[in-house]
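First the structure, in the form of structure tokens, and then the observations on it.
The values are calculated or read from the model by the stated rules, or taken from the named source; none is laboratory data. Keep in mind that this is a model prediction, so the values were computed, not measured. No Cβ is skipped: glycine too gets one built from the backbone with ideal geometry, and neighbour counts run over all protein chains shown.
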Amino acid sequence: MPAAESAAEVLVERDGAVAVLTLNRPKALNALSVPVMKALAAALESAETDEAVRAIVLAGSPRAFAAGADIGEMKDLAGSGEAEAALSEHLARWDKVGRCPKPTIAAVSGFALGGGCELALACDLIVASETAVFGQPEVQIGVIPGAGGTQRLTKAVGKALAMDMVLTGRRLTAREALAAGLVSRVVAPEALLDEAKGLARRIAELAPLAVRAAKAAAAAAADRQLDAGLARERGLFYRLFDTADQKEGMRAFAEKRPPLFKGK
Amino acid sequence: MSMPAETSAPEFLSETKDGVLRLTLNRPESLNALTGTMLRGLADAVTKAGRDASVRAIALAGAGRAFCAGADLGDVKMRMADGSFEHGAELRKAFNPLILSIRRIEKPVVCAVQGTAAGAGASLALACDLKVCAEDAKFLNAFAKVGLVPDSGMTWLLPRALGLSLALEHAWLSKPITAQQALSSGLVNRVVPAAELEGSVGELLGRLFAVPPLSLALTKRALNRSLEAASLEDQLEYEAQLQQFLGRTKDHAEGMAAFLEKRPAKFTGE
């Protein structure tokens, strides 16, 4: 294994009251495998319990924030029961990011696709580099987003654009994402971490109780009926593992060939 | 190993030497008319050059007496007859990726234009960063003559280079632009005698190589961006972001030191 890839899955850096968690599987385009998400959840928990941390930045690599879940871990799951048993703990880690009580900022450069897009969406706000690309391509491999994409994307960009994305796998450029309200700022790739950390520092300097209240209040609007929607999405997601198209879609993806869907 | 037969000479030549990726359109018998193979191959070569640290600049040229006559109309006609050609799909698949790859690569792309640059061939030349022309170079925009609109970026780049009125006249009336006119209207950088074309490109590349690579890269990106920037405020902020980054580079420190010590700078690209 190359040295860079055998280092920790997630790097943790403390910069005053700001914790920066960096996904560290650049060669795998930060595919969100079980070990990566476990490491992320652990790092997030430490940042949550550490009273000195007031804001959290979640970053990836220049080429990819995270290009998706690890399809290899899912493609051979036999049916909905097996999928739920194998994935419920895994998917709950995205929910955990969404429930973090401290302000979370995703710093997105390059691909934020599938589970990667959902991870960014689970943060309070997204700062993007000009190279960022957002998308939920799951339908192209016979499933749907299962970590909140259908719910959070619809709330973030509205129904028409969200439908365009989840029904076709359409990707958004950073500029399109800014226009759609998916991200709040777009900067040069070289400036991304400075911008995200600067933003986190500004938040960290403000009254902690007011920040927490502001986040809770805004979340009450943004996340209204989110839990019911997430449950509905996850149920539909698991059920697709009973279909032949899920197997065909994920195998075709792994074999780098176009899938042949039959509606079964 | 035996050489392939002459008839299967590659449609474009690609060679990296002394930091320059030289791409040469190589169908001189057809005035370098662009085929799908050429377009996709060129786009691929440019994109790869972006990630290849041994390539510092790209030089694009056409073999023979013309730079490029545009799309291969023989090929288009044949494929239209058998129903396998769709204009929109062809642009999206073959032409547009090449134009985008040239505008996006953060390394200088210099082209040498002799004789005719027509249609998408003119667009291709226009998409390059710097253009050196032979005195006989001529830009032809004949899309309107066949009932089409200029494509491959021409409608974006031409009004920015010429202004709206000259661009419209050129496009509507298929009025050729000579090398001298192109020079005086700011469409190209240099006009030289045909025999000096290659040397002039080489000299230009040599001068570019003396500039810190990150300055070249980010200047190209910032100027590209300015064509689409929302406002002066927006672009000023962008400049500040890039300068913040460049201000911490070794080449900036070296450039400052060399200036103060009145010696030539030695840049490393870091």
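Only residues that are closer than 23 Å to B:Ala230 by Cα and either within 11 Å of chain B (Cβ to nearest Cβ) or crowded, with 21+ Cβ neighbours inside 10 Å (or both) were counted across region A:147-171, and they come to 1.
For region B:214-240, filtered to residues that are within 12 Å of chain A (Cβ to nearest Cβ) and either more than 27 Å from the chain's Cα centre (by Cα) or over 14 Å from A:Glu190 (Cβ atoms) (or both), the residue that is surrounded by the fewest Cβ atoms within 10 Å (Cβ to Cβ) is B:Ala230. Looking at this structure, is B:Glu196 in a helix (DSSP H, G or I), assigned by TED's automatic domain parsing to the domain that holds B:Glu106, modelled with pLDDT under 95 and more than 16 Å from the chain's Cα centre (by Cα)? Considered against the rule, which asks whether it is in a helix (DSSP H, G or I), assigned by TED's automatic domain parsing to the domain that holds B:Glu106, modelled with pLDDT under 95 and more than 16 Å from the chain's Cα centre (by Cα), B:Glu196 comes out as no.
Within region B:56-76, being surrounded by fewer than 19 Cβ atoms within 10 Å (Cβ to Cβ) and either in a strand (DSSP E or B) or among the β-branched types (Val, Ile, Thr) (or both) holds for one residue alone: B:Val76. Filtering region A:16-30 to residues that are in contact (Cβ under 8 Å) with a residue 40 or more places away in the chain and surrounded by 21 or more Cβ atoms within 10 Å (Cβ to Cβ) leaves A:Val18, A:Val20, A:Leu23, A:Asn30. When we screen B:Val211, B:Val201 for residues that are in a loop (DSSP other than H, G, I, E, B), surrounded by 13 or more Cβ atoms within 10 Å (Cβ to Cβ) and away from every other protein chain (no Cβ under 14 Å), the only hit is B:Val211. For region A:224-234, the criterion of being closer than 27 Å to A:Ala92 by Cβ, among the hydrophobic types (A, V, I, L, M, F, W, C) and outside any helix (DSSP H, G or I) is satisfied by no residue at all.
The condition of being small (Gly, Ala, Ser) and part of a helix (DSSP H, G or I) holds for only one of B:Gly83, B:Gly50, that being B:Gly50. Please indicate, with yes or no, whether at least one residue in region A:202-219 is in a helix (DSSP H, G or I), in contact (Cβ under 8 Å) with a residue 24 or more places away in the chain and over 27 Å from A:Asp50 (Cα atoms). No: zero hits. When we screen A:Ala196, A:Ala188, A:Ala174 for residues that are in contact with an Asp or Glu (Cβ under 6 Å, 6 or more places away or on another chain) and within 14 Å of another protein chain (Cβ to nearest Cβ), the only hit is A:Ala174.
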